[in-house]
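Note sheet for the following structure.
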Amino acid sequence: RAKISTSATPAASAASSTVSAARMAPKRSLLSLYAGVQGPLMSVGVVQAINFAVYDSCRRLLHKRRHPNAPPDAYLHDFSLADVAISSSVAGGTISVITSPLQAIKTNQQINPQSFRTAMTQLYFQSGGSKGRGSIRGFFTGFPPHLFCDSFGRMIYLSCYELAKRYLDKSRSGNLVEDSSATASRLTLQERMACAGASGMICWAIIYPADVIRSRMYANAIAERRPGPWQMAKSIYQEERSFRPFYRGLGVTVIRAAPVAAAVLPVYDFAHAWLSSH
């Protein structure tokens, strides 16, 4: 919520993430910092399951296209970084259809503290026009930058992770290993966590301007203004006639990204290796 309060707020009223968090906590309780947590908490398992299932299936299909006579599990040990980039981008684009409504509802709850159901109903009727009819359009506010964050962001995230693991292994063996399973088996848990954490930070540093545009579009939609992504980007730039507003709130996001990424991808590695061996 601290990120939303800084990135979705114009320069005139924006505060640092630390100050924003301090302002929110006394008004109610520390629970106010967890506004909007219901949607992500209930859906994260399903979303990540779909994400990694699509990612793995795409890798399998890409490998089979190049090596039609290879064994079914050959893609696990022989894949290029291009396969990783394409597969992760497709997976991110697939789940964006699910995560976009969840992100819109969560942001609504963070800006105007309310229940998940109330925030969902408000978004539904806000975008239905003056006749009071509901519409799902509100759930896809900011979808273009959201799609960019999910597809391009996951491509950067997973590609950097695999690249970091391979080069870390190369520094030991002197060979750029193409067998990802062999690379992973030689790396310790701490090394994989470091690779994942660094990848998450790099990913957010690259896609953060798009996330700011997305957050501003959500905030404007709640105020019943709906500028497009390009108009929103120009408006943000005009605030200080610089790119500084596009990186407001980056600090708290990067701090959050490192431990989350450090947990997710090594667990995926371990689970994948265990399932493959059974």
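Inside the stretch 67-116, can you point out the residues that are more than 25 Å from Leu265 (Cβ to Cβ) and open to solvent by 40 Å² or more (accessible area, probe 1.4 Å)?
His67, Pro68, Asn69, Pro71, Ile111, Asn112, Pro113, Gln114, Ser115, Phe116, listed by residue number.
Checking Asn69 against (1) assigned to a helix (DSSP H, G or I); (2) modelled with pLDDT of 85 or more, which test does it fail?
(1)
Run down Lys234, Lys170 and say which single residue is of a type in the set (D, E, K, R), modelled with pLDDT under 85 and in a helix (DSSP H, G or I). Working first, answer last.
Details: Lys234 fails: modelled with pLDDT under 85.
None of the other options fit; the residue is Lys170.
Against the condition among the hydroxyl-bearing types (Ser, Thr, Tyr), surrounded by fewer than 22 Cβ atoms within 10 Å (Cβ to Cβ) and in a helix (DSSP H, G or I), how does Ser215 come out, does it pass?
Criteria not met by Ser215.
Could you grab the pairs with beta carbons closer than 8 Å, sequence gap of 6+ or different chains, first residue in the stretch 41-69 and over 27 Å from Gln103 (Cα atoms), second one modelled with pLDDT under 90 and assigned to a helix (DSSP H, G or I)?
Here the result reads Arg59/Tyr75; Arg60/Tyr75; Leu62/Tyr75; His63/Ala74; His63/Tyr75; Lys64/Tyr75; His67/Ala74, each pair linking the stretch 41-69 to a residue that is modelled with pLDDT under 90 and assigned to a helix (DSSP H, G or I).
So the check is Cβ under 8 Å with 6+ separation or different chains; which pairs have a first residue in the stretch 232-245 that's farther than 19 Å from Gly142 by Cβ and a second one that's modelled with pLDDT of 90 or more?
Note: pairs meeting the criteria are Phe243/Pro209.
Given Ala210, Ala194, which one is at pLDDT 90 or above, out of contact with any helix residue (DSSP H, G or I) (no Cβ under 7 Å at 6 or more places or on another chain), under 23 Å from Arg154 (Cβ atoms) and surrounded by 16 or more Cβ atoms within 10 Å (Cβ to Cβ)?
From the options Ala210, Ala194, the qualifying one is Ala194.
The values are calculated or read from the model by the stated rules, or taken from the named source; none is laboratory data. Just so we're clear, the structure is a prediction, and the values are computed from it rather than from any experiment. Note that each Cβ is placed from the backbone with ideal geometry, even for glycine, and that neighbours are counted across all protein chains shown. SASA here: full protein model, heavy atoms, side chains in, ligands and nucleic acids out. Shrake-Rupley method; radii C 1.70, N 1.55, O 1.52, S 1.80 Å.
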